[in-house]
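The values are calculated or read from the model by the stated rules, or taken from the named source; none is laboratory data. Quantities reported herein were computed from a predicted structural model and do not represent experimental measurements. Heads up, the Cβs are rebuilt from the backbone with ideal geometry, glycines too, and the neighbour counts pull from every protein chain shown. Protein only, heavy atoms only, side chains kept; ligands, DNA and RNA dropped before computing areas. Shrake-Rupley method; radii C 1.70, N 1.55, O 1.52, S 1.80 Å.
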Amino acid sequence: RAGAAARLAEGESGAQNRARAHREHIVERILNLSCPRCGQCFVDFEDGDCLALTCSRAGCGCRFCAYCLADCGRDAHPHVRACEHNTAPGKTIYGDRARFEAAQRARRARMLREYLAALPDDRERELAMRSCARELRDLGLSHRCLSSS
């Protein structure tokens with residue numbers, strides 16, 4: 001009995017550690033808006049802003065796309081104009097908050113589907129989803145939007 005209790009406690013600890021690792025990855029790498037090069041988070045976006053972004057962290061200077069968060073080297077403008085996720089009329093480089101938020105919801109859902117698909121089984125996927133359920137709900141990401149392609 002003592003061995004079974006120890007194995008059960010170890011299993012719970014293992015599940016807790018995996019849940020923590022899933023949550024950290026999902027929040028830090030998928031849900032947070034951040035520079036693709038250095039990881040500096042950003043939150044500011046206003047109507048009419050340019051969607052070719054520059055990282056604000058001193059020494060980074062990464063130029064990246066606000067739609068897909070791709071690192072674009074020294075100039076993100078050409079990428080933004082051609083980005084497959086740019087839904088602006090005429091593929092303009094300027095956007096509004098609603099379009100930006102919709103693009104980010106779609107990007108997060110795509111990345112989360114990819115992450116979950118790489119997990120070994122349904123049990124692990126459920127553990128990952130439960131680990132960050134509140135954050136997903138707050139961002140408008142439901143099981144339904146994650147099951148669509």
Q) Contour minus end-to-end for TYR94 and ARG57, with contour as 0.36 nm per residue of separation and end-to-end as the Cα-Cα distance? A) 11.1 nm
Q.
Helix 97-117 against the longest principal axis of the chain: what's the angle in degrees, Cα atoms only, rounded to the nearest 10?
A. 40
Q.
If I model a spin label as a point 7 Å beyond the Cα along the Cα-Cβ vector, how far apart are those points for ARG18 and ARG81 in nm?
A. 4.8
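List the GluC sites (Glu not before Pro) within the range 57-149 that fall in a DSSP loop (any state other than H, G, I, E or B) and whose Cβ has at most 10 other Cβ atoms within 10 Å.
Working: sites: GLU84, GLU101, GLU114, GLU124, GLU126, GLU135; in loops: GLU84.
When the GluC sites (Glu not before Pro) of the range 57-149 are filtered for loop state and at most 10 Cβ neighbours within 10 Å, GLU84 remain.
At a threshold of 8 angstrom on Cα-Cα distance, excluding pairs fewer than six apart, so keeping six or more, what relative contact order does the range 43-138 reach in percent? Don't skip to the end; give the middle numbers.
Numbers: 102 pairs, mean separation 20.6, N = 96.
For the range 43-138, the relative contact order is 21 percent.
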Q: Using mean projected area of the Cα convex hull in nm² as the read-out, say which of (1) 11.0; (2) 14.5; (3) 8.5 was calculated from these coordinates.
A: (1)
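So with the 1.4 Å probe, I'd like the accessible area per residue for the chain, rounded to whole Å². Before the final figure, lay out each step's value.
Details: 9170 Å² over 149 residues.
With all protein chains present, the chain gives 62 Å² per residue.
Select from the range 33-77 those trypsin sites (Lys or Arg not before Pro) which occupy a DSSP coil region and have at most 16 other Cβ atoms within 10 Å, ordered by residue number. Mind showing how you got there, number by number?
On the way: sites: ARG37, ARG57, ARG63, ARG74; in loops: ARG37, ARG57, ARG74.
Hits after loop and neighbour filter: ARG37, ARG57, ARG74.
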Q | Potential extension, TYR115-ARG74 segment - 0.36 nm per residue separation minus Cα distance | A | 11.9 nm
Q) Against the longest alpha carbon principal axis of the chain, how many degrees, from 0 to 90 and to the nearest 10, is the axis of helix 2-25 turned? A) 0
Q: Express in whole angstrom the spacing between the alpha-carbon centres of the range 27-85 and the range 87-118.
A: 12
(Q) How large a share of the accessible area of the range 11-106, in percent, is made up of carbon and sulfur atoms when the probe is 1.4 Å and the other protein chains stay in place? (A) 47
